Amino acid sequence: MSDLKYMNLSLDEILQNLNRTKSVIENQEEAICKFRDIILTASNKHTFEKRKKTIFLAGAGRSGFVAKAFAMRLMHLGFYVYVFNETIAPPVQGGDIIIIISKSGKSNSITQIVEDSRIDNVKFLAVCGSTDSELAQKSDARIVIDSLPQRLVNLEDEDIDKFIEFLPKTIMNFERDEEIRKQLEALPRKSVNMADKKIMAQMYALPHEIYGISNIYRPLELILMGTAFELSALVLLDALVAELMEKLNLREKDLKEYHDVLSSAI
């Protein structure tokens with residue numbers, strides 16, 4: 001068995017979520033087409049000489065990195081694009097487009113953008129995790145990515161035993177505190193029944209200094225927080241670029257016209 005088995009399990013879980021993005025296209029074709037067509041109404045340097053419509057993108061936390069990645073691709077396509085909170089971003093004007101990427105749609109920065117951008121004829125596009133969010137309800141077009149439930153795994157007994165090896169040394173550090181030492185010595189050497197409330201109560205009651213040891217008996221999360229949504233959104237939006245390229249009759253050589261060769265040389 002590989003020493004990186006939990007990394008492999010995590011990757012399997014990520015790939016399962018990415019494979020589900022195919023069903024997003026199949027089940028939301030009409031919504032995605034509307035999403036795409038609204039983007040296509042924005043000004044494009046390949047077809048317009050003057051700015052008419054600008055696209056603004058926003059996302060909180062890691063979703064913000066996804067927003068920036070998609071903004072970069074839109075820039076390569078020739079659109080006038082800015083990311084919110086960047087110092088060079090101009091004000092939103094009537095006719096502009098705002099694309100927001102947020103799993104919950106509830107973060108303060110995102111709701112503030114929606115509230116502050118109530119300008120006539122501004123289009124809102126959302127990539128979100130639920131149709132019930134306020135962001136989804138207020139959007140003119142939305143793509144909903146419903147991630148798989150987070151899966152947890154219990155550590156294998158042999159992995160727990162590896163952690164247990166340093167227990168005697170840890171116990172010695174508390175040799176003057178008999179109560180803590182007894183709790184350490186009482187820790188089981190095999191997996192804990194996580195459904196047993198009495199056992200879990202003992203675990204949570206451990207002093208802060210040794211709480212980390214109790215964590216080895218708790219299930220391990222294979223995908224952290226919003227990772228599944230963020231990676232799926234990144235892949236889905238990058239795939240949408242091919243649709244936009246076809247509609248604009250562009251090819252990779254055309255996109256290279258807007259590629260930042262100076263930064264690439266650094």
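Rule-based calculations on the coordinates, nothing more; no lab input. Computed from a predicted structure; not experimentally measured. Quick reminder, even Gly has a Cβ in these numbers, built from the backbone with ideal geometry, and neighbours come from all protein chains shown.
What pairs in Lys34/Lys103; Lys22/Lys138; Lys68/Lys247; Lys106/Lys253; Lys52/Lys138; Lys53/Lys253 have C-alpha atoms more than 29 Å from each other? Don't skip to the answer; put the middle values down first.
Values: Lys34/Lys103 20 Å; Lys22/Lys138 25 Å; Lys68/Lys247 22 Å; Lys106/Lys253 39 Å; Lys52/Lys138 24 Å; Lys53/Lys253 24 Å.
As for pairs spanning more than 29 Å Cα to Cα, those are Lys106/Lys253.
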>> Check which residues have an amide H placed less than 5 Å from Ile99's amide H, if you skip close sequence neighbours.
In response: Phe56, Leu57, Ala58, Leu125
>> At a 10 angstrom cut-off on C-beta neighbours, averaged per residue, how do the peptides 245-256, 145-156 rank from highest to lowest?
In response: 145-156, 245-256
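Just subtract the alpha-carbon distance of Ala69 and Asp120 from 0.36 nm times their residue separation and send over the number in nm, one decimal. Don't jump to the answer; show the numbers that get you there.
On the way: separation 51, 0.36 × 51 = 18.36 nm, distance 2.77 nm.
Extra length available between Ala69 and Asp120 comes to 15.6 nm.
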> How large is ³J(HN,Hα) for each residue in the stretch 81-93, as worked out from phi by the Karplus curve 6.51 cos²θ - 1.76 cosθ + 1.60 (θ = phi - 60°), to whole Hz, x for Gly and Pro?
Replying inline: 10, 9, 10, 4, 6, 7, 5, 9, 6, x, x, 6, 10
